[in-house]
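Taken together, the values in this text are just the output of simple stated rules run on the coordinates, not laboratory data. Just so you know, these numbers come straight off a predicted model, no measurement behind them. So basically every Cβ, Gly included, is an ideal-geometry build from the backbone, and we count neighbours across all protein chains shown.
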Amino acid sequence: MTMELLQETLQMGCEHFGFTLSELQREQFETYARLLVEWNEKMNLTAITKPQEIAMKHFVDSLLLTKAIEVERGASLIDVGTGAGFPGIPVKILREDLQLTLLDSLKKRIGFLTEVTGKLGLGAACIHARAEEQGKKPQEREQYDIACARAVAHLRELAEYCLPFVRVGGVFAALKGYEIEQELQEAKKAISLMGGQVENIEKYELPDTSRRSIVIIRKKAATPPKYPRPSAKIAKVPLI
């Protein structure tokens, strides 16, 4: 894997958005990319495996979260349905002060995330659990300053999975495709029922011309105890 291409693209993307990386952070991103490609040969983590695409579509794209919302020093962040660790791990590389929890329902992926965060020297909790079950646990419910999710499900379902984790006053940030208006309309009821309110939608175009929306939802009230419902019910009986 040609790391020059990865580093060049990463540098270009970071400069474009005003991110500054130290030598250590550049090395951490390189190690992350190597491990991603290595593990991807054994299990399905990503369809994106070219170095310049990893740099832009995974790393820089994930870092946009820190532009879209104000992330306070030492804030607690849970990445729900994190998959290969996006956006949580890139954000933690940039902001080591954050308390990061990576949540995924597939045990194999947790194995990958544990190795990555260990090798990069990032303190992060890697939890193997289903979001709708974890969000009911008293030690997890409404405990986080920020919940985020990237390309996991429709915003209507995401609201039910993610908002129960967010403390009142905190934020749920959904990294979505550029054209978000219809999905947002369809998710209005679910967001409101979970105690959330759409605060803003930030839209970005990356230097490779790919585009991203980040929907910022502020938690205004506690989520009623009956939510989140079991995943089968969330799928079968949408909140519309």
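Cross-link partners of LYS176 among aspartates and glutamates, defined as those whose alpha carbon lies under 12 angstrom from its own and excluding same-chain residues fewer than eight positions apart: ASP61, GLU202. Comparing VAL60, VAL166, VAL37 in a Gaussian network model of the chain where C-alpha atoms under 10 Å apart are linked, the largest mean-square fluctuation is found at VAL37. Entry note, the chain: the mean residue ellipticity at 222 nm calculated from DSSP H runs of n ≥ 4, each adding -39500 (n - 2.57), is -10500 deg cm²/dmol after division by the residues and rounding to the nearest 500. Oblate is the label for the range 1-127, because a/c, from the alpha-carbon gyration tensor with a ≥ b ≥ c as root eigenvalues, is 1.5 or above and a/b does not exceed b/c.
Neighbours of GLY83 by Cβ distance under 12 Å: Lys/Arg scored +1, Asp/Glu scored -1, total +1.
Each principal axis of the Cα cloud of the chain was evaluated for its coordinate range; sorted largest first, these ranges are 50, 33, 33 Å.
How much of the DSSP bridge set in the range 3-236 is antiparallel, in percent, rounded to the nearest 5? If I count the DSSP bridges inside the range 3-236, around 45 percent turn out antiparallel.
Structural descriptor for the chain: relative contact order 16 percent, calculated from alpha carbon pairs under 8 angstrom and at least 6 residues apart.
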